[in-house]
Amino acid sequence: MSLITLKNECWTLELLPQWGASILNLRAASGRPVLRTVKPEQVKSSSNTAAFALMPYSNRIRRARFEFGGRTVQLRPAPGSANVQHGDVRNRPWTVEEVGETYLHAVFDSRTFSDINWPWPFTARLEYRLHGPHLDIALTLDNAGTEVMPAGIGLHPYFERLQDGQEPTLEFSVGGWYATDDEHLPLGGPQPVPAALDFSAARPVGSEQIDAVFASWDGTARLSWPSRGLTLTADNVYSHLVLFTAPDGSLALEPVSHATDAFNLAARGVAGTDMKTLAPGQSLAGAVRLSLDGKW
């Protein structure tokens, strides 16, 4: 397994180019984990890593199909599911274009793969850069074809929840929330956020299992422990946020550019889901920053 390590005075970042250029581990310079700890031998797919990119769309598509441009698009469902999720770049090898002590640029071209699960050709770029207490992760998706295509980008990090045995408080501001069915797929457009999912003031996540999608996110989320904190900030393209309490005890906070199943929602005329389209040669891009403060 090829592993690339980036370091500076605040971070150690381990990356796996052959698994979607995903993050294997992210630690503070002290060795304290920021994202969940993963051993290389545990990785059988990007779902086992600490963070991975979502392109050319994020989260689930109901029944792996949708209507776009006057035609029905049928994708291959995920094994054991009727749906498809998280795009088709996260479990494929990326090409490292540039690497240094504190940065890495990797690229992906869907035309390299005959079995790509997306009918429009596209290219993608991932950039990681450490500087001081910040880690910047930039995603770019390009339409490499001759037709307009639907598009989305996102990042799926799993944060280490317990620090010194203590749970964090979580704080973020959003304008709405999607009621979902038993497959965690939205039933319609955004609704007012229920009290149980309101993190506009910092509070513990609690013991409830959560898999929720929020709309009109302001681009900032913060985890706070008694002696340290972590702030996630994202460019405006990431208008939605997914909160997921993972079975392994980690906490996923996912900046994404559109709602879950946005392509089908948009085809139904549901507003506010932020489905994007790219003309030939057009790009969708945005950066996410993780920042440390306190005693890491």
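What to note about this one:
- Shown in residue order for the range 149-159 are the 3J(HN,Hα) couplings computed by the Karplus curve 6.51 cos²θ - 1.76 cosθ + 1.60 at θ = phi - 60°: 10, x, 7, x, 9, x, 10, 10, x, 10, 8 Hz (x for Gly and Pro).
- Residues Ile23, Ile61, sorted so that the one with the fewest Cβ neighbours within 10 Å comes first: Ile61, Ile23
- Normalised by the number of residues in the range 224-290, the average gap of Cα pairs under 8 Å and 6 or more apart makes the relative contact order 37 percent.
- Pairs of alpha carbons in the range 36-88 whose separation is greater than 17 Å (percent): 47
- Over all directions, the projected convex hull of the C-alpha atoms in the range 32-134 averages 8.7 nm² in area.
- All other residues whose Cβ lies under 15 angstrom from that of Ala196 are scored, Lys and Arg at +1 and Asp and Glu at -1, for a net of -2.
- Principal axis extents of the C-alpha atoms in the range 130-176 (largest first, rounded to whole Å): 53, 33, 16.
- Normalised by residue number, the volume inside the convex hull of the Cα atoms of the range 103-154 is 85 Å³ per residue.
- Computed with the Debye formula from one identical point scatterer per Cα of the chain, without solvent, the log10 of I(q)/I(0) at q = 0.07, 0.14, 0.16 Å⁻¹ comes to -0.24, -1.04, -1.37.
- Gyration tensor verdict on the range 62-183 (Cα atoms; rounded if a/c is under 1.5, prolate if a/b is larger than b/c, oblate otherwise): oblate
- Rounded to the nearest Hz, the phi-derived 3J(HN,Hα) couplings of the range 39-48 under the Karplus curve 6.51 cos²θ - 1.76 cosθ + 1.60 (θ = phi - 60°) are 8, x, 6, 7, 7, 10, 7, 5, 4, 8, where x marks glycine and proline.
- Long-range amide H partners of Ser250 with built H, under 5 Å: none
- Candidates Arg65, Arg268, Arg222, ranked by Gaussian network fluctuation over the chain, Cα under 10 Å, top entry: Arg268
- 3J(HN,Hα) along the range 173-183: 10, 9, x, x, 8, 9, 5, 10, 8, 6, 9 Hz, from the Karplus curve 6.51 cos²θ - 1.76 cosθ + 1.60 with θ = phi - 60°, whole Hz, x for Gly and Pro.
- Within the same chain, aspartates and glutamates fewer than 8 places from Lys39 are excluded, and of the rest, those with a Cα less than 18 Å from its Cα are Glu14, Glu160, Asp248.
- Most mobile listed residue (Arg76, Arg60, Arg92) in the chain, GNM with C-alpha springs under 10 Å: Arg76
- Comparing Leu187, Leu139, Leu104 in a Gaussian network model of the chain where C-alpha atoms under 10 Å apart are linked, the largest mean-square fluctuation is found at Leu187.
- Using C-alpha pairs below 8 Å separated by at least 6 residues, the relative contact order for the range 151-296 is 30 percent.
- In percent, rounded to a whole number, the relative contact order of the range 60-192 is 13, using alpha-carbon pairs under 8 Å and six or more apart.
- Scattering from the range 147-296 was approximated by placing one identical point on each alpha carbon and applying the Debye formula without solvent; log10 I(q)/I(0) at 0.10, 0.17, 0.21 1/Å stands at -0.36, -0.98, -1.38.
Here, each number is a calculation from the coordinates, and none is a lab measurement. Just so you know, these numbers come straight off a predicted model, no measurement behind them. Ideal geometry is used to build each Cβ from the backbone, glycine not excepted, and the neighbour counts take in all protein chains shown.
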